[in-house]
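This report refers to the structure that appears directly beneath it.
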2 protein chains.
Amino acid sequence: MFEETLTIGQLQQQLESYLQKDAFSGFPEVLQESTSHIMQMKGKRIRPVMLLTACQAFGGDISRAMGPASAMEVYHNFSLVHDDIIDEADIRRGRPTVHKSFGLNKAILTGDAMLLHSFVLLKRGPDDKLSAMLKVFSKATTQVMEGEQYDVNFEDIPEVTEEEYMMMIEFKTSVLLAASLQIGAIIGNASPEDQQRIYDFGLNLGLAFQIKDDYLDAFGDEKSFGKKIGGDILMNKKTYLLITALKQADAETRKKIFDLFEVQDEDKKIAQMLEIFTMLGVNEITFAKMEALYRQSLEALNRLTLDKESKKMLFELAEMVYHRTH
Amino acid sequence: MFEETLTIGQLQQQLESYLQKDAFSGFPEVLQESTSHIMQMKGKRIRPVMLLTACQAFGGDISRAMGPASAMEVYHNFSLVHDDIIDEADIRRGRPTVHKSFGLNKAILTGDAMLLHSFVLLKRGPDDKLSAMLKVFSKATTQVMEGEQYDVNFEDIPEVTEEEYMMMIEFKTSVLLAASLQIGAIIGNASPEDQQRIYDFGLNLGLAFQIKDDYLDAFGDEKSFGKKIGGDILMNKKTYLLITALKQADAETRKKIFDLFEVQDEDKKIAQMLEIFTMLGVNEITFAKMEALYRQSLEALNRLTLDKESKKMLFELAEMVYHRTH
């Protein structure tokens with residue numbers, strides 16, 4: 001039997017069509033509008049496309065993977081709805097957030113229903129894989145919530161260690177990428193060893209991505225980064241840069257950094273913090289860290305027992321994530 | 001092999017011990033305290049005990065049902081945490097609610113993690129029953145959210161039909177009781193017919209319970225009801241009583257009822273609404289309705305292909321729910 005391999009673009013299209021037509025059958029009608037509001041802020045659908053790509057790479061039937069792939073996207077969007085409440089964010093991708101448009105109560109219920117629906121979608125995968133998929137999905141999504149709570153807690157403590165920070169971003173961002181890939185591999189009947197490798201590929205890719213996000217906020221090109229430089233600095237956010245700076249600094253410079261937290265003049269605050277970062281070599285250390293993580297990610301990818309073409313498609317995805325401009 | 005049948009009290013004890021020792025292993029540590037806060041407001045654990053009783057009645061291994069039983073309780077408690085936010089309730093069972101004690105953000109995340117954990121607990125049931133349990137659980141919990149949203153919507157519309165009201169309470173209250181019983185029956189290897197019967201038993205029991213709750217708010221004995229009479233009347237809540245009154249009333253009396261919505265004097269408002277209810281025979285109609293539903297519930301129970309002893313235990317549970325005093 002000859003089966004054509006779909007490109008990433010084609011997988012994105014199939015997924016989009018499934019999300020439009022099938023994914024929300026059985027979903028509460030009273031919550032459809034508020035759910036569409038967030039689901040239509042498209043983005044790259046990176047998690048479900050990763051799942052489908054992994055499934056296809058191992059020779060799995062991608063038509064059986066559409067439910068689980070959508071589960072990852074719906075779960076991710078649920079977390080955005082509730083995160084936006086917690087962060088008191090009014091705008092996402094240029095549109096009002098769900099709680100801004102529909103009120104707090106409806107935003108809570110919309111998120112709840114989406115979280116629940118992600119399990120309904122996961123169940124649409126192959127029945128003989130249900131238990132394995134559910135195990136990976138529950139673990140990852142529990143960790144995402146734990147990561148979110150760490151992130152909230154970090155705001156109230158003066159200093160965070162690098163280890164604490166790495167664990168937070170692993171839980172909050174990376175495990176869902178890793179789990180998406182592993183679930184695709186499960187549907188494709190991958191060996192436990194390959195499941196672990198593809199999980200590690202996703203985990204390190206997610207870490208590299210997150211640290212690059214911190215890096216670009218301070219050292220990015222404003223035009224291609226798409227937002228104003230220094231937003232994290234203004235919010236005294238505990239990024240990899242700040243943690244590294246505090247680690248590198250002597251007592252006097254540490255005091256300067258903590259004093260800068262209180263400075264009101266925005267331009268002055270950003271400029272002086274960037275000077276300290278540069279003086280301490282924070283940009284080189286951070287760049288080296290994210291590049292090392294990305295290499296680790298690609299090494300795990302390379303260890304997969306897959307043909308060249310399949311590896312190339314996964315590499316293409318990694319490049320999309322790591323070298324995104326916005 | 002001789003196996004002793006456990007009483008309802010013994011099942012409650014075993015469940016409580018499982019909830020204390022085992023149920024929250026793997027649960028995010030940062031959210032343990034806020035979760036314990038709500039889980040320790042014990043109550044009767046009616047849903048998990050129903051699941052265990054149904055499982056035992058069909059000869060199932062209740063030690064394999066402890067995870068799914070806890071799933072029902074954790075799901076129920078998740079819904080209380082988020083409902084209390086939505087209802088702006090400060091007190092539950094004499095203690096501050098989760099959002100009151102831990103803040104809005106932590107209450108949202110705590111609820112989310114509990115909802116997610118209910119699936120983790122369900123998965124602890126027998127693997128060969130996972131797909132069937134998940135189907136029943138997802139459907140019921142989706143309906144609960146739909147019912148909750150209907151309930152919120154009802155506040156903003158002037159009048160609700162009896163059909164709309166019955167659907168709301170079915171979704172918001174009954175389906176979770178019904179699903180608890182069905183999942184217990186599934187673990188006990190009950191036939192599809194018996195699964196349907198035990199589901200109907202729980203569904204009608206829940207409806208009878210909910211209408212009785214409305215009834216006691218107006219016509220209950222203040223001492224045994226445990227709260228002040230007329231709370232629903234003061235809030236202009238669209239109860240079965242109010243809906244029946246508006247249905248029975250002529251144009252003049254309907255106007256009187258709508259005028260009463262605006263009355264500020266609490267004692268006067270309650271007294272006059274009760275007079276109208278009595279004049280229209282709302283108490284008899286409501287009493288007859290809840291008794292009819294309870295009988296339907298017991299008829300479904302009676303049709304189960306179970307021995308006398310097992311039916312008696314399920315009947316005992318029904319009496320506990322329907323004839324509760326608080």
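The values are calculated or read from the model by the stated rules, or taken from the named source; none is laboratory data. Here the structure is a predicted model, which means the values were calculated and not measured. Please note: Cβ atoms are built from the backbone with ideal geometry, for glycine as well, and neighbour counts cover all protein chains shown.
Tabulated data
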quantity	calculated
Some residue of segment B:124-147 being at pLDDT below 95 and not in a helix (DSSP H, G or I)	no
Condition broken by A:A113, with the remaining ones in (1) more than 10 Å from chain B (Cβ to nearest Cβ); (2) closer than 22 Å to B:H117 by Cβ satisfied	(1)
Failed item, numbered, when A:E163 is tested on (1) in contact (Cβ under 8 Å) with a residue 12 or more places away in the chain; (2) assigned by TED's automatic domain parsing to the domain that holds A:S79; (3) of a type in the set (D, E)	(1)
The listed residue being at pLDDT 95 or above, out of contact with any Leu (no Cβ under 8 Å at 6 or more places or on another chain), outside the structural domain of A:G59 (by TED's automatic domain parsing) and not charged (D, E, K, R), out of A:L314, A:L301, A:L260	A:L260
Check on B:K106, in a helix (DSSP H, G or I), within 11 Å of another protein chain (Cβ to nearest Cβ), more than 30 Å from B:I257 (Cα to Cα) and not β-branched (V, I, T)	yes
Where a residue in segment A:227-242 is under 21 Å from A:E284 (Cβ atoms) and its partner, wherever it lies, is outside any helix (DSSP H, G or I), with Cβ under 6 Å and at least six apart	A:D232/A:T239; A:K238/A:V160
Single unsatisfied condition, A:P96 versus (1) modelled with pLDDT of 95 or more; (2) touching an Asp or Glu at 6+ places or on another chain (Cβ under 8 Å); (3) not charged (D, E, K, R)	(1)
Matching residues, segment B:118-146, being buried (at least 22 other Cβ atoms within 10 Å of the Cβ), more than 7 Å from chain A (Cβ to nearest Cβ) and of a type outside the set (A, V, I, L, M)	B:S118, B:G125, B:F137
Criterion: surrounded by fewer than 19 Cβ atoms within 10 Å (Cβ to Cβ), modelled with pLDDT of 95 or more and either aliphatic (A, V, I, L, M) or closer than 18 Å to A:A178 by Cα (or both) - qualifying residue of A:I229, A:I211, A:I285	A:I285
Test: residue in segment B:148-155 that is away from chain A (no Cβ under 13 Å), part of a helix (DSSP H, G or I) and surrounded by fewer than 22 Cβ atoms within 10 Å (Cβ to Cβ)	no
Selected residue (only one of B:L203, B:L216 is surrounded by 15 or more Cβ atoms within 10 Å (Cβ to Cβ), of a type in the set (A, V, I, L, M, F, W, C), within 19 Å of the chain's Cα centre (by Cα) and farther than 21 Å from B:L301 by Cβ)	B:L216
Matching entry among B:K255, B:K269 (being surrounded by 13 or more Cβ atoms within 10 Å (Cβ to Cβ) and modelled with pLDDT of 95 or more)	B:K269
Residue within segment A:218-232 that is of a type in the set (V, I, T) and either in the same structural domain as A:I169 (by TED's automatic domain parsing) or part of a helix (DSSP H, G or I) (or both) present	no
Conditions (1) under 22 Å from the mean Cα position of the chain (by Cα); (2) away from chain B (no Cβ under 14 Å); (3) not basic (K, R); number of the one not met by A:F58	(1)
Filter result (within 11 Å of chain B (Cβ to nearest Cβ) and surrounded by 22 or more Cβ atoms within 10 Å (Cβ to Cβ)) within segment A:80-103	A:V81, A:H82, A:H99
Residues of segment B:9-58 satisfying the condition of being in a loop (DSSP other than H, G, I, E, B) and hydroxyl-bearing (S, T, Y)	B:S25
B:N236 vs. criteria not in a helix (DSSP H, G or I) and not charged (D, E, K, R)	yes
Scope segment A:16-44; condition free of Cβ contacts under 8 Å to residues at least 40 places away in the same chain, more than 14 Å from chain B (Cβ to nearest Cβ) and either crowded, with 21+ Cβ neighbours inside 10 Å or not basic (K, R) (or both); matching residues	A:E16, A:S17, A:Q20, A:S36, A:M39, A:Q40
Residue check, A:K308 loosely packed, with under 13 Cβ neighbours inside 10 Å, under 30 Å from A:R45 (Cβ atoms), modelled with pLDDT of 95 or more and outside the structural domain of A:A185 (by TED's automatic domain parsing)	yes
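Results for (1) touching a strand residue (DSSP E or B) at 6+ places or on another chain (Cβ under 6 Å); (2) free of Cβ contacts under 8 Å to residues at least 24 places away in the same chain; (3) hydrophobic (A, V, I, L, M, F, W, C), shown as yes or no for each residue.
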| residue | (1), (2), (3) |
| --- | --- |
| B:A69 | no, no, yes |
| B:E73 | no, no, no |
| B:L80 | no, no, yes |
| B:R92 | no, no, no |
| B:G111 | no, no, no |
| B:V120 | no, no, yes |
| B:R124 | no, no, no |
| B:K135 | no, yes, no |
